[in-house]
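Notes to accompany the following structure.
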Amino acid sequence: MTVVTRNIRATPYRAANDAWEVIVQLLAPNPGPAHDELERVSGIASSLIASESSKDHPMVVWGAGPRVRIRCQFGEDAVTGDNATEDKLAKSPTDGDWSMSLPCSEEDLTWIKAALAKQSNRITARKLGEAVEIDEREERSASSVTIDKEAFFRP
């Protein structure tokens, strides 16, 4: 499985809702259903960014192309932007069938999951430190790749 990581500058460099907007533009740069779905959860996602849950635990998106892990930078790291990586992805991970998992503190997990479920069937929350469950679709696509070893030795 290929993984791409992005580090987004959040507070105090930019407000949590502005950081989410950068993430939306990164994941779904063109108008369409994926962009709209990400916009619908903006209040919830912004509250998770404001709580700094994505500092050490990434947001994870999988679907078309490589898995994308997004962390947010806070404090001095956000101001200096030394390790920020906000450049565009080669391919939008929200083209076609996709899912997203947002990290959340255990105390907020119940209400966050319920709020997300009202807005999206693709975007879910998981407890901080909990691994992202491997999706059957992702497992199938990873196992369907084959390498022709003989091709490496052909003149």
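The values are calculated or read from the model by the stated rules, or taken from the named source; none is laboratory data. The shown structure was predicted, so the numbers you read here are calculated from the model rather than taken from an experiment. Here the Cβ is made from the backbone with ideal geometry for all residues, glycine too, and neighbour counts use every protein chain on show.
Could you go through segment 60-69 and let me know if any residue there is among the basic types (Lys, Arg) and farther than 21 Å from Ala131 by Cα.
Within segment 60-69, none of the residues are among the basic types (Lys, Arg) and farther than 21 Å from Ala131 by Cα.
Just checking, which of Ser101, Ser92, Ser105 is within 11 Å of the chain's Cα centre (by Cα) and over 21 Å from Arg14 (Cβ atoms)?
Going through Ser101, Ser92, Ser105 in turn, the sole match is Ser101.
One residue is enough: does segment 20-32 have a residue meeting the conditions in contact with a Pro (Cβ under 7 Å, 6 or more places away or on another chain) and in a helix (DSSP H, G or I)?
yes
Anything in segment 68-125 that is crowded, with 17+ Cβ neighbours inside 10 Å, aromatic (Phe, Trp, Tyr) and in a helix (DSSP H, G or I)? List them, or say none.
none
Condition (residue is touching a helix residue (DSSP H, G or I) at 6+ places or on another chain (Cβ under 9 Å), farther than 14 Å from Arg122 by Cα, surrounded by fewer than 17 Cβ atoms within 10 Å (Cβ to Cβ) and hydrophobic (A, V, I, L, M, F, W, C)) applied to segment 10-32: is it met by at least one residue?
Yes, some residue in segment 10-32 is touching a helix residue (DSSP H, G or I) at 6+ places or on another chain (Cβ under 9 Å), farther than 14 Å from Arg122 by Cα, surrounded by fewer than 17 Cβ atoms within 10 Å (Cβ to Cβ) and hydrophobic (A, V, I, L, M, F, W, C).
Is there any pair linking a residue in segment 95-120 that is more than 16 Å from His57 (Cβ to Cβ) to one that is in a loop (DSSP other than H, G, I, E, B) and of a type in the set (Lys, Arg), with Cβ under 7 Å and at least six apart or on different chains, and which?
What qualifies is Trp98/Arg122; Ser99/Arg122.
So which residues in segment 41-67 are surrounded by fewer than 22 Cβ atoms within 10 Å (Cβ to Cβ) and in a strand (DSSP E or B)?
Hits for segment 41-67 are Val60, Arg67.
Report the residue count in segment 1-28 for those that are in contact (Cβ under 8 Å) with a residue 40 or more places away in the chain and in contact with a His (Cβ under 8 Å, 6 or more places away or on another chain).
Number of matching residues: 1.
Going residue by residue through segment 63-75, is there one that turns out to be modelled with pLDDT of 95 or more, farther than 14 Å from Ile23 by Cα, over 14 Å from the mean Cα position of the chain (by Cα) and not aromatic (Phe, Trp, Tyr)?
Checking segment 63-75: at least one residue is modelled with pLDDT of 95 or more, farther than 14 Å from Ile23 by Cα, over 14 Å from the mean Cα position of the chain (by Cα) and not aromatic (Phe, Trp, Tyr).
Go through segment 111-146 and give me each residue that's at pLDDT 90 or above and of a type in the set (Asp, Glu).
Glu130
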